[in-house]
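Worksheet: one structure, shown below.
The values are calculated or read from the model by the stated rules, or taken from the named source; none is laboratory data. Model, not experiment: these values are computed from the prediction. Every residue, glycine as well, gets a Cβ built from its backbone with ideal geometry; the counts of neighbours run over all protein chains shown. What goes into the accessible areas is simple: the full protein's heavy atoms, side chains included, and nothing from ligands, DNA or RNA. Shrake-Rupley method; radii C 1.70, N 1.55, O 1.52, S 1.80 Å.
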Amino acid sequence: MYRIGREEVDAISEVLLSGKVFRYGIGSACTRFEERYAKYLGIKHVMMTSSGTTALTAALVGQRIGPGDEVLVPACTYIATAIAVVAAGAIPVIVDIDESLTLDPRAVEAAIGPRTRAMIPVHMWGLVCDMDRLMAIARRHRLAVVEDACQCVGGGYKGRKVGSIGHAAGFSFNYYKNMTCGEGGAAVTNDDAAVPRMGCMVDCCKFYWTDRKTDESLFISNGARASELEGAILNIQLDRIDGMLDIMRGYKKRVLAAVADTGLRPIQANSLDCEAGTHVMFVLPTEAQASQFQQITGSGIAGKTGRHVYTEWDPIFEHRGAPYEAMNPYAMEANRDCRMDYRKDMCAPSLNILNRTAMFGLHPDRTDAQIDDLIARLRKGAAQVL
Ligand SMILES: Cc1ncc(COP(=O)(O)O)c(C=O)c1O
């Protein structure tokens, strides 16, 4: 959470005092947010959901990804990316990242097998994937691309907003994200044909409240409907996002310029002007140097956050895909030929990069003095370690 305050409190009060907390109805804050966010992203359809995980699952199901399908996911992401694949009934295949800390296009191409139907490029830590190359691969192999934009709300790639480039995408608005309403998310797509299935994943009871007709898009799913309180908060957060990201992008460029002569190597940027700019990161030559650099500068290490590397995905490694074995995608006959033999060393190149990457989170409310202090620590670290 970056900024939240009086305006959000007023917006929630207004909703509560109106007595209309349910999202369907005239003058809905959720509908207003969905329309505004669609315009902001430059995309046709936005559906608010209860979380980023449900948004990604809805996006996958909208693309008809399910049992029998493999979905390529990066070795560096929160487990929810892989969970969304399993929740859709499909099997995640873990693929190496490169020094952008996002999917390595060469590794993606090498990982495509007869069962591969989709990939999830994850715009991790506010960074953006090499979408031109990934989309070209997807076109060649007829893969669906579902962007995981949960950690990059408001970020862009070469002038387009992330989430609007693939066939569908999921955003998270949980506490840690660039826009937050506590918990929440959005599934988005330009694909008209995906909308009924995506919508049914978000709220399979919606037909009672909107358009009651029976078609193939009606099936049972878990409810992931958002509330008007979330919609009200997000309308305020959306007004703020660009200003905050501009400040962080500016800080990031200032830091990078100030250490350019030190020998520190910034991670590869796929679209520095447009990414969200929430983190500054450097790849050190060795793990030992990264750890020494961490001691001196107070950085984090990308491979050691405890939850952003595939080796931490216990239920995926243990094939615990559902509460009942008969519902477990890992045990389904349809998935028998999917690759699910996970090993902790299967993406050793990714581990090597992540364990050498020092990271610093930025914040729009940092002062100039704090940025100067960060620069001084980086220069000191570089002088002592490189
Ligand atoms: C990359 C990524 N994908 C998906 C999610 C899931 O979002 P949520 O926690 O809203 O379900 C997160 C949440 O932290 C995330 O970081």
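Among the residues of segment 265-292, those that are more than 27 Å from residue 2 (Cα to Cα) and either of a type in the set (Gly, Ala, Ser) or surrounded by 21 or more Cβ atoms within 10 Å (Cβ to Cβ) (or both) comprise 284, 288, 290, 291. Right, residue 208: open to solvent by 60 Å² or more (accessible area, probe 1.4 Å) and either among the hydrophobic types (A, V, I, L, M, F, W, C) or outside any loop (DSSP other than H, G, I, E, B) (or both) or not? Criteria met by residue 208. In segment 192-221, the residues that are within 13 Å of residue 49 (Cα to Cα) form Cβ pairs under 7 Å with partners that are loosely packed, with under 15 Cβ neighbours inside 10 Å and modelled with pLDDT of 90 or more, at six or more places apart or across chains, as follows: 200/219; 204/219; 204/220. A count restricted to segment 110-124 and to residues that are buried (at least 24 other Cβ atoms within 10 Å of the Cβ) and not small (Gly, Ala, Ser) stands at 6. Of all the numbered requirements in (1) touching a Leu at 6+ places or on another chain (Cβ under 9 Å); (2) open to solvent by less than 10 Å² (accessible area, probe 1.4 Å); (3) closer than 26 Å to residue 248 by Cα, residue 145 misses one, and that requirement is (3). From the list 190, 174, the one residue that fits, being of a type in the set (S, T, N, Q), surrounded by fewer than 24 Cβ atoms within 10 Å (Cβ to Cβ), at pLDDT 95 or above and over 20 Å from residue 275 (Cα atoms), is 190.
Restricting attention to segment 96-113, the residues that are closer than 23 Å to residue 66 by Cα and within 15 Å of the ligand (Cβ to nearest atom) total 1. Of all residues in segment 114-150, those being among the acidic types (Asp, Glu), more than 12 Å from the ligand (Cβ to nearest atom) and outside any loop (DSSP other than H, G, I, E, B) number 1.
Of the candidates 331, 348, 369, the single residue that is surrounded by fewer than 17 Cβ atoms within 10 Å (Cβ to Cβ) and either in contact with an Asp or Glu (Cβ under 8 Å, 6 or more places away or on another chain) or basic (Lys, Arg) (or both) is 331.
Can you work out which of the residues in segment 151-185 that are of a type in the set (Lys, Arg) and more than 14 Å from the ligand (Cβ to nearest atom) is farthest from residue 238 (Cα to Cα)? Ranking the qualifying residues of segment 151-185, first place goes to 158.
On the given criteria, is residue 285 touching a Leu at 6+ places or on another chain (Cβ under 7 Å) and either over 30 Å from residue 72 (Cβ atoms) or not polar (S, T, N, Q) (or both)? No: the conditions fail for residue 285. Inspection of segment 251-260 finds a residue satisfying the criterion of being in a helix (DSSP H, G or I), within 22 Å of residue 123 (Cβ to Cβ), open to solvent by 30 Å² or more (accessible area, probe 1.4 Å) and without any contact (Cβ under 8 Å) to a residue 60 or more places away in the chain. Residue pairs whose Cβ atoms lie under 6 Å apart, separated by 6 or more positions or on different chains, with the first residue in segment 372-385 and farther than 11 Å from residue 360 by Cβ and the second outside any helix (DSSP H, G or I) and among the hydrophobic types (A, V, I, L, M, F, W, C), are 382/264.
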